[in-house]
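Some notes on the structure that comes next.
The values are calculated or read from the model by the stated rules, or taken from the named source; none is laboratory data. For clarity, every value in this text was computed on a predicted model and none was experimentally measured. Please note: Cβ atoms are built from the backbone with ideal geometry, for glycine as well, and neighbour counts cover all protein chains shown. Only protein heavy atoms, including side chains, enter the accessible area calculation; ligands, DNA and RNA are left aside. Shrake-Rupley method; radii C 1.70, N 1.55, O 1.52, S 1.80 Å.
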Amino acid sequence: MGNLFGKSSSKASRVTEQDKAVLQLKQQRDKLKQYQKRIELELEKDREMAKKCLATGRKERAKTLLRKKKYQEKLLSNTDAQLETIEKLAADIEFAQVEAQIVQGLKAGNEALKKVNEMLSIDEVERIMDETRESIEKQQEIDALLNGVLTEEDEDEVLAELEQLIGTGEASAAPAEEDLQLPDVPQDELVREKKQKEKKAEKVALEA
């Protein structure tokens, strides 16, 4: 029983004073609309009755009915103004509730943002950016070294071999270009080998 009462009181607490005020205003609005419909029916009846009185020669009775009709038309006009006021007030209260919910959402979002900013300090962000910049510069240096290892003739041979692999369909079985790691060959060693080849070629030419 205690749990049951506890649940019911929890549900009741969700209805705010603003909700109750809006409900009361809407109930008053509905009553006014019902009153308007009743007055409109009476106005039509009085008008028809006035016509019949004139037809039977009862002019004074017709005048009295038209006076009553005029008075009820003024009441009807007043209810229109009251309805407009009630509907505007109800709309203002509902909009204020929406604004309050938006403010609460902004407050929760601001708190969450503060927690994120506490996790990432300015010094930590600068350290990460410096490390990233160093990694990029190091990779650029490696790329520059690898590009300087091969001569123009070597590059032509690489392209020719690549075309050959593409033609024979072996390119699919070859490792990806980005996975290929070339050894670091000193530039002086390449120059020395090239000079030795040129000397051997000159020697063979002289002996012939």
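What to note about this one:
- Filter result for residue 18 (open to solvent by 90 Å² or more (accessible area, probe 1.4 Å) and in contact with a helix residue (DSSP H, G or I) (Cβ under 6 Å, 6 or more places away or on another chain)): yes
- Qualifying residue in region 47-67 (condition: in a helix (DSSP H, G or I), under 23 Å from residue 33 (Cβ atoms) and open to solvent by less than 100 Å² (accessible area, probe 1.4 Å)): no
- Test for residue 118: is it surrounded by 10 or more Cβ atoms within 10 Å (Cβ to Cβ), at pLDDT below 85, part of a helix (DSSP H, G or I) and of a type in the set (Asp, Glu): no
- Test: residue in region 125-135 that is in a helix (DSSP H, G or I), surrounded by 11 or more Cβ atoms within 10 Å (Cβ to Cβ) and touching a residue at least 12 places away in the same chain (Cβ under 8 Å): no
- Single unsatisfied condition, residue 33 versus (1) touching a Ser or Thr at 6+ places or on another chain (Cβ under 9 Å); (2) among the basic types (Lys, Arg); (3) open to solvent by less than 80 Å² (accessible area, probe 1.4 Å): (3)
- Scanning region 74-90 for residues being open to solvent by 90 Å² or more (accessible area, probe 1.4 Å) and either touching a residue at least 40 places away in the same chain (Cβ under 8 Å) or of a type in the set (Asp, Glu) (or both) gives a total of 2.
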